[in-house]
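Just below is one structure, and these are the notes that go with it.
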Amino acid sequence: MPVEDSRLSGFHKLSMEERLERVKELSGLSESEVKALLERGLTNEGAEMMIENVVGTFELPMGIAVNFRIDDKDYLIPMVTEESSVVAAASYSAKLARTTGGFYTNSTDPVMISQIQITGITSPYQAKMKILEKKEELLKMADEQDPVLVKFGGGARDMICRVMDSNFGPYLIVHLLVDCRDAMGANAVNSMAEALAPKLEEITGGTVYLRILSNLADHRLARCRVKYDKEELGEETIKGVLQAYEFARVDPYRCATHNKGIMNGISAVVLATGNDTRAVEAGAHSYATVGGGYSPLTRWERDWNGDLVGTIEIPMAVGTVGGATSIHPVAKTAMKILDVDSAQELAGVMAAVGLAQNFGALRALATEGIQRGHMKLHAKNVAVAAGASGDLVDTIAQKMIKEGKIRADRALELLEELSD
């Protein structure tokens, strides 16, 4: 059910129940889907089906980022995170972007890489040529492992061979490129690699050890661009954002935090939809090193009119079917709220959230400083950690914000004073 308008004025001021009712109306959620969000969505039985040695479940808050307009379509975006200010920053950045049309995305085909490591070869370049001569036969063998994927338009697309030196002699690494359509694809590409291993040994005379996907999914890229109006931001803010970006570009110590901020947004959506946060984060940080060194995943510059423009290009190995996305009740509800039709659309949404999150962080750093807004939102956490409950949480948080002393020791003092 498409969202007509994601601009929900005053959404953050509503109670949790009121916010959920608005999302229910806009997304067409059923009573069971609402129940999954309000109650513990993952049962003990469901948890037992997902991992081993289960002793319970662990919950995190799910929020809704509002104001997002992506490729001329409005979205409500579920985000699961423990960090204060992430949802608010993304929502505010999306609101500012609406002036110039919002976010615009494009993605490559959802192609994953499976690596097959061949060892013990004396003439690796000859072996490489022998494999490439048999490429069509090998691709056909790979497709036979997953006829369902092929039926839906996916399947093995190409094969790339790389010769690498190692302490054990030359390695011949075969990259099998597989279009996974709307699945993340790990199981499919691993099964194909397993099936090809004996044939590759026969062709090369070598020994296959590893056959496993790569999380550096540089054939599965999501891209996004956004423009912020110079009149709305102001000259000093634009200069500050560009200075903050340049700092990340030239210094890996700063760049690590710059990219972590991007992933604050992306990982929150990945987690909400039941996708693999570790795979996406590993791919993102690996991709940041591809050009040599460690670089920002975003780029910020001024256009011909002086407006601020940002772009992001990032590997995005996510799916809309399979895994926890298809079986976790809350992830399924999150997917319904998002209302995406394909893995590529989902990847574009995540790239937009990452770009928005990055702008929000750079803007805060360039203006009032990151702590001012973050600590205001964090004040309730500090109060709860000190032992406050009920109405005392808000009272102590507001007093600390007014004083500018959002600290654990001050929260304890206020709790003692107000509890007397």
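Each reported figure results from applying straightforward, stated rules to the coordinates on display, with no laboratory input. Keep in mind it's a predicted model, so treat the numbers as computed, not measured. Note that we place each Cβ from the backbone using ideal geometry, even for glycine, and neighbour counts take in every protein chain shown.
Annotations
- Total formal charge among the other residues, if their Cβ is under 11 angstrom from that of Gly185, Lys/Arg +1 and Asp/Glu -1: -2
- Summed residue charge, Cβ within 14 Å of Ala324's Cβ, Lys/Arg positive, Asp/Glu negative: 0
- Inter-part distance where region 116-146 and region 330-372 are each reduced to a Cα centre, Å: 40 Å
- The mean of 1/r over all distinct Cα pairs in the chain, once inverted, gives the Kirkwood hydrodynamic radius of 23.6 Å.
- When both region 173-252 and region 293-321 are represented by their alpha-carbon centers, they are found 14 Å apart.
- From its DSSP helices (H runs of at least four residues, each -39,500 (n - 2.57)), the chain gives a residue-normalised ellipticity at 222 nm of -16000 deg cm²/dmol.
- Look at the dipole of the chain built from charges on Cβ: of Gly169, Ser91, His285, the Cα furthest out on the positive end belongs to Gly169.
- Just checking the listed ones, Asp276, Asp394, Asp146: in the Gaussian network model of the chain with Cα springs under 10 Å, the one fluctuating most is Asp394.
- Prolate/oblate/rounded label for region 111-214 (Cα gyration tensor, a/c 1.5): prolate
- Selection from Gly185, Phe152, Leu213, by position along the positive dipole direction of region 111-214 (Cβ): Leu213
- With one equal scatterer per alpha carbon and no solvent term, the Debye-computed log10 I(q)/I(0) for region 208-332 at 0.18, 0.20, 0.21 1/Å reads -1.01, -1.13, -1.19.
- At 0.890 mPa s and 25 °C, Stokes diffusion of region 372-419 via Kirkwood alpha-carbon radius, µm² per second: 245 µm²/s
- For the chain, modelled as a GNM whose springs connect Cα atoms under 10 angstrom apart, the maximal fluctuation among Tyr171, Tyr294, Tyr209 occurs at Tyr209.
- With K and R counted +1 and D and E -1, the other residues having a Cβ less than 13 Å from that of Leu271 yield a net charge of -4.
- Shape of region 269-420, Cα gyration tensor, a/c cut at 1.5: oblate
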